[in-house]
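A.B. asks: Right, I'll just put the structure down here and ask away after.
The values are calculated or read from the model by the stated rules, or taken from the named source; none is laboratory data. Treat the numbers as computed from the prediction; the structure is a model and nothing was measured. Cβ: placed from backbone, ideal geometry, glycine included. Neighbour counts: every protein chain shown. Only protein heavy atoms, including side chains, enter the accessible area calculation; ligands, DNA and RNA are left aside. Shrake-Rupley method; radii C 1.70, N 1.55, O 1.52, S 1.80 Å.
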Amino acid sequence: MSNNQHVPGNEQRLRKRAKPGKTGSGLRSIKAKENFWGYLFILPNLVGFFVFTLFGIGFSLTMSFTDWNLIKGVESAGFIGLANFKSMIGDVYLGASLRNNLLLLLVIPINLVLAATLASIINRGIYGRSFARSLFFLPYVTNVVAIATVWQALLHPTAGPVNSFLKSMGVSEAALPMWLSDMKWALPALMIILIWKDLGYNILMYSAGLQNISKDYYEAADIDGANAFKKFLHITVPMLSPTTFLLTTLGIISSLQMWSIAQIITNGGPGTATYTLALYIYRSAFITYRTGYASALSWLLCIIILVITLIQWRGQKKWVNY
Amino acid sequence: MTSRTNKRTGRKKVGREIGKILLSVIICAAGVAMIFPFLWMVSASFKGINDVFEFPIRWIPNPVSTKGYELLFSGKVPFSVFYKNSVIVAVLGLIGTFFSCTLAGYSYAKINFYGRDKIFLVKLSSTMIPSMVTILPTFMIYSALGLVNTRAALWIPWFLGGAMGVFIMRQFFVSLPNELIEAARIDGASHPGIYWNIALPSSRAAISTLLFLYFISIWNDYERPLLYLRSRELFTLPFAVKYFADDQFQNYPAIMAANVCMLIPIMVLFFVFQKSFVQSIVTTGIKG
C-alpha cells in the first residue's frame, strides 16, 4: 500500500516507522493489524467455506462410495466401492432424468431468440419502455410455489382457462392435452412455464447489451441502405454474442440444477415424465433414502457441469465474435 | 416501420411516430400477456369455488367472494402465523446478510491481508459447485447441531455471506477512493471505524439493492423449509402455501388468495426498488 499523503507530520512519522525495513516492528504491526482485521471480517465467509463447502465436498465424495441410508445414520454406512456408480448404468430413472434434462435445454435457445427480439424492439425507443420491461420481469421475482399453483390451475385438464380457450377455438374434446397430468405434454408444459419465468431476465440482460452497441454501426448500415432485418442480423446479433454466450452458460448451469419447480408442480410425474437429475438426487436422498447413491449422483451432476463450463471457457474465444 | 421510398422527412417523421406507437402497443400487449397468470390469480382469489373457471373469463368477479381469504385466517394454524414466521426469518436473514456481506466485501476490497485475492477467487469459484453436492452434508451438519425443525435452520445460512452478495459489495467498495481510507487511517482510524463511519454511509444505494435482492431469495425460499421443517407452526409462506394448496385440493379461490398474500410484499418492493434492482441484475448477472 502506498502512502502518498502530503501531510508533512504524518509522512515523517510513517517514514520513521517504516525505515527499519521489512524487519521493522512498526511495519510488522501494521501488517499484523491488516491480517487480523482482514481475516476477522471474512470470518463468517471462511467458516461457511470450510465447513459447508470444503467439508461438504469431502463428506459427499466419501459417502458416494457407501450404501449410506439417511434414516439409519452415517455410522451404519458401509463402504461398497464403485457400486453406486455402477448401478447408474441401466437405472431407468436416471435415464429418464438425463433425457428430460437434455430436452429442457431446448428452453434456452427459444428463450434467447424471444428475448433478443423483444429486447431489440423495446430498445428502439417505444413508449412505456420501463413499464413494459417490468411487466416481463415480474415472473422472475415471483416464487416457485405461486408460479406452480397458478399454472396448475391455468392448465387444469378439464376446466382450466387454457383448455377452455382451445375448446372455443374448435379443438375437439378428445384432442385436448391434459398438460401436467399428460405423459406427453407434462414436459412441454413445464418448458413453457420455464420460458415464461426467465424471459424477463434475458430481456434485461439483452437490453444492457444493446445499450453498449455504438449507434455508428447502424448509421453506416443506413447509408448502405440496409433494412431493419438485415441490420438485426448483421449488426445486432454478432454484437450481442458475448451476452448470448453468458446467458447460454448461465442458462445451462441453472437448467441442469433445476428441481424445486418440478418438485412442486408435478413431483416428477406423471411417471417419470418430468424427472430431472437434480430432482432425482433430492428424491433419492430424502424420500427413498438411498442417500449414498444420491451422493454419487450429485457428483455425476457436478462433473457434467464442470465439463460444460470447461467447454465454454475453451469455446469463448471461438464463438464470441464482434 | 418507415417507408423506404419516401424521401420527404416530414412524412418520414409521421411514419416513424406511427411505427413507434404501433410497436409500443404490441410490446405492451405482450407484456400484459406475460402477467396474464397474475391477473387471473388476483381475479380468481375473489371468486366463489364454482365461478373460478368461468369461460370466457370474467375479470371482475360477480359476485365478489372473500371466502378464500377468510379461510386463510380461520384454520387451526392460521395464515398470520406463517406470515409472522416469514417476517422473522426475513428480518434475521437480512441482518445476517447485511453484516456478513458488507464486512467481507469491505475486507476483500480494502484490507491488505495475506492471501486476499486468492481467497476471494476460491470463494467465487466455489459457486460453481452445484448445491446438490453440498445439500446432504449441510443437512447432516444442521441435524448434528440440532437445528432440524427450528427456525434457525432458515436464517443461519444468511449469516455466512452468500458469494453473490459479497461480490456485489466488494465491487462497490473497490470503487471507493483509496485516498479516503488512507486519510482516515493516518488520522488514527482503524478498519472497524472506517468500515462503520466511511464505507457503510457511502454505500447506501448498494446496500439497499443487496438487501432487496436477498429479501427476494429469503422470502421465496422453498427448499430449506422443505428440507428442515416438520411442524406446521414453523412454516414460512412458500412452504405453507404449498402445504395449504395440497390440503385445499382444487379450492382454487383459497389457493389464489394465499398466493396473493404471499406475493404482496415482493410486488410492492419490486416496484419501489425497480430501477436499482434492474441495474444490479445487469451488472452482476445474478441468476436466481
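A.B. asks: Could you pull out the residue among A:187, A:114 that is open to solvent by 20 Å² or more (accessible area, probe 1.4 Å), part of a helix (DSSP H, G or I) and modelled with pLDDT of 90 or more? If you could, list the steps in order and put the result at the bottom.
C.D. replies: Values: A:187 fails: open to solvent by 20 Å² or more (accessible area, probe 1.4 Å).
Result of the check over A:187, A:114: A:114.
A.B. asks: I need the helices (runs of 4 or more DSSP H) fully contained in segment B:64-157, keeping only those with at least 3 residues that are of a type outside the set (Ser, Thr, Tyr), closer than 30 Å to residue A:287 by Cβ and within 12 Å of chain A (Cβ to nearest Cβ). Quick ask: steps written out before the conclusion?
C.D. replies: Numbers: elements: B:67-72, B:79-110, B:116-125, B:131-144, B:152-155.
Helices (runs of 4 or more DSSP H) meeting the threshold: B:131-144.
Yes/no matrix, rows are residues, columns are (1) part of a loop (DSSP other than H, G, I, E, B); (2) assigned by TED's automatic domain parsing to the domain that holds residue A:183; (3) free of Cβ contacts under 8 Å to residues at least 24 places away in the same chain:
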site	(1), (2), (3)
A:69	yes, no, no
A:75	no, no, yes
A:96	no, yes, no
A:99	no, yes, yes
A:103	no, yes, no
A:108	no, yes, no
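A.B. asks: Looking only at segment A:180-204, how many residues end up being more than 27 Å from residue A:248 (Cα to Cα) and within 14 Å of chain B (Cβ to nearest Cβ)? So that I can check it myself, show each step before the final result.
C.D. replies: Going through segment A:180-204, the residues more than 27 Å from residue A:248 (Cα to Cα) turn out to be A:181-183.
Checking the rest, the ones that are also within 14 Å of chain B (Cβ to nearest Cβ) come to A:181.
The qualifying residues number 1.
A.B. asks: Sort out which residues of segment B:168-189 are open to solvent by 20 Å² or more (accessible area, probe 1.4 Å) and in contact with a Phe, Trp or Tyr (Cβ under 7 Å, 6 or more places away or on another chain), and write them in order of number.
C.D. replies: B:170
A.B. asks: Has segment A:85-93 got any residue that is open to solvent by less than 30 Å² (accessible area, probe 1.4 Å), at pLDDT 90 or above and more than 9 Å from chain B (Cβ to nearest Cβ)? Let's see the steps before the verdict.
C.D. replies: Within segment A:85-93, the subset open to solvent by less than 30 Å² (accessible area, probe 1.4 Å) is A:88, A:91.
Filter once more, keeping what is at pLDDT 90 or above: A:88, A:91.
Pick out the ones that are also more than 9 Å from chain B (Cβ to nearest Cβ) and you get A:88, A:91.
Within segment A:85-93, one or more residues are open to solvent by less than 30 Å² (accessible area, probe 1.4 Å), at pLDDT 90 or above and more than 9 Å from chain B (Cβ to nearest Cβ).
A.B. asks: Let me ask something additional. Can you pull out every residue in segment B:156-167 that is open to solvent by less than 60 Å² (accessible area, probe 1.4 Å) and in contact (Cβ under 8 Å) with a residue 60 or more places away in the chain?
C.D. replies: Filtering segment B:156-167 for residues open to solvent by less than 60 Å² (accessible area, probe 1.4 Å) gives B:156-158, B:160-163, B:165-167.
Listed by number, the residues that qualify are B:156, B:157, B:158, B:160, B:161, B:162, B:165, B:166, B:167.
A.B. asks: Given the conditions (1) in a loop (DSSP other than H, G, I, E, B); (2) crowded, with 23+ Cβ neighbours inside 10 Å, report the number of the one that residue A:127 does not fulfil.
C.D. replies: Against the list (1) in a loop (DSSP other than H, G, I, E, B); (2) crowded, with 23+ Cβ neighbours inside 10 Å, residue A:127 comes up short only on (2).
A.B. asks: While we're here: Run residue A:152 past the list (1) open to solvent by 20 Å² or more (accessible area, probe 1.4 Å); (2) part of a helix (DSSP H, G or I); (3) free of Cβ contacts under 8 Å to residues at least 60 places away in the same chain and report the number of the one that doesn't hold.
C.D. replies: (3)
A.B. asks: Do the conditions hold for residue A:192, that is, is it at pLDDT 90 or above and open to solvent by 40 Å² or more (accessible area, probe 1.4 Å)?
C.D. replies: Numbers: at pLDDT 90 or above: yes; open to solvent by 40 Å² or more (accessible area, probe 1.4 Å): yes.
Answer is yes for this residue.
A.B. asks: Oh, and also: I'm trying to understand the selection: among the residues of segment B:158-169, which are within 11 Å of chain A (Cβ to nearest Cβ) and of a type in the set (Val, Ile, Thr)?
C.D. replies: B:166
A.B. asks: Need a quick list: helices (runs of 4 or more DSSP H) entirely within segment B:187-260 having at least 1 residues that are aromatic (Phe, Trp, Tyr) and at the interface with chain A (Cβ under 9 Å from one of its Cβ atoms). Steps first, answer last, please.
C.D. replies: Details: elements: B:191-194, B:204-220, B:223-228, B:237-247.
Because the criterion is at least 1 residues that are aromatic (Phe, Trp, Tyr) and at the interface with chain A (Cβ under 9 Å from one of its Cβ atoms), the helices (runs of 4 or more DSSP H) in segment B:187-260 that meet it are B:204-220, B:237-247.
A.B. asks: Being over 17 Å from residue A:57 (Cα atoms) and within 25 Å of the chain's Cα centre (by Cα) is the filter here; which residues of segment B:111-126 pass it? So that I can check it myself, show each step before the final result.
C.D. replies: Taking segment B:111-126 as the starting set, the residues that turn out to be over 17 Å from residue A:57 (Cα atoms) are B:111-121.
Listed by number, the list holds a single entry, B:120.
A.B. asks: I'm checking my understanding of the structure. Among residues of segment A:155-180 that are touching a Leu at 6+ places or on another chain (Cβ under 9 Å) and in a helix (DSSP H, G or I), which one is modelled with the lowest pLDDT?
C.D. replies: The selected residue is A:175.
A.B. asks: Here's something else I'd like to know. Among the residues of segment B:45-65, write down those that are within 13 Å of residue B:253 (Cα to Cα) and aromatic (Phe, Trp, Tyr).
C.D. replies: Those that are within 13 Å of residue B:253 (Cα to Cα) and aromatic (Phe, Trp, Tyr): B:46, B:53.
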